[in-house]
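Okay, so here's the structure we're looking at.
The values are calculated or read from the model by the stated rules, or taken from the named source; none is laboratory data. Everything numeric here is computed off the predicted structure, so don't read it as measured data. Counting neighbours? That spans all protein chains shown, and the Cβs are built from the backbone with ideal geometry, glycine included.
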Amino acid sequence: MAFGFPASHTERSSPGTATPDLRRAVRETFAALSWSVREETPDGIVASTSADLRSWGEKVFVDFPPDDPISVTSKCALPTQCLDWGKNKANVRKFLAEFDKHVQQPATADGGPPPPERLP
């Protein structure tokens, strides 16, 4: 459980060199989690989660620093919320788990995910 104004949690992840397009993988991850992309800059992407019984929602920042690892931060949307009840850490972990799935997928020529494999 984080404490701060607003409460937040940050982790770094290194997807490795096999990822041709980190931005695509991040956008697909946000879509899979049903988090709304709010802003996209050359340095990162910001999305928001919806409010629930434990919070007024969070903003999730994914930064692309010049070195290989990405930085993922979840921060309470309400600036005066000082306790997050573990929600920000859960958001970051949920993002990274889903992100790993999208990093492993090779993209097709149009930038989308590959078609599903057909079994005989």
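Miscellaneous remarks
This table checks each residue for (1) under 18 Å from S13 (Cβ atoms); (2) within 10 Å of the chain's Cα centre (by Cα); (3) not in a loop (DSSP other than H, G, I, E, B).
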{"position": "A25", "(1), (2), (3)": "yes, yes, yes"}
{"position": "E28", "(1), (2), (3)": "yes, yes, yes"}
{"position": "S34", "(1), (2), (3)": "no, no, no"}
{"position": "E40", "(1), (2), (3)": "no, no, yes"}
{"position": "A47", "(1), (2), (3)": "yes, yes, yes"}
{"position": "S50", "(1), (2), (3)": "no, no, no"}
{"position": "F61", "(1), (2), (3)": "yes, yes, yes"}
{"position": "P65", "(1), (2), (3)": "yes, no, no"}
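- From the options K87, K101, K94, residue that is within 25 Å of P6 (Cβ to Cβ) and at pLDDT below 95: K87
- Subset of segment 67-97 [charged (D, E, K, R), outside any loop (DSSP other than H, G, I, E, B) and either buried (at least 19 other Cβ atoms within 10 Å of the Cβ) or on the phi > 0 side of the Ramachandran plot (or both)]: K75, K87
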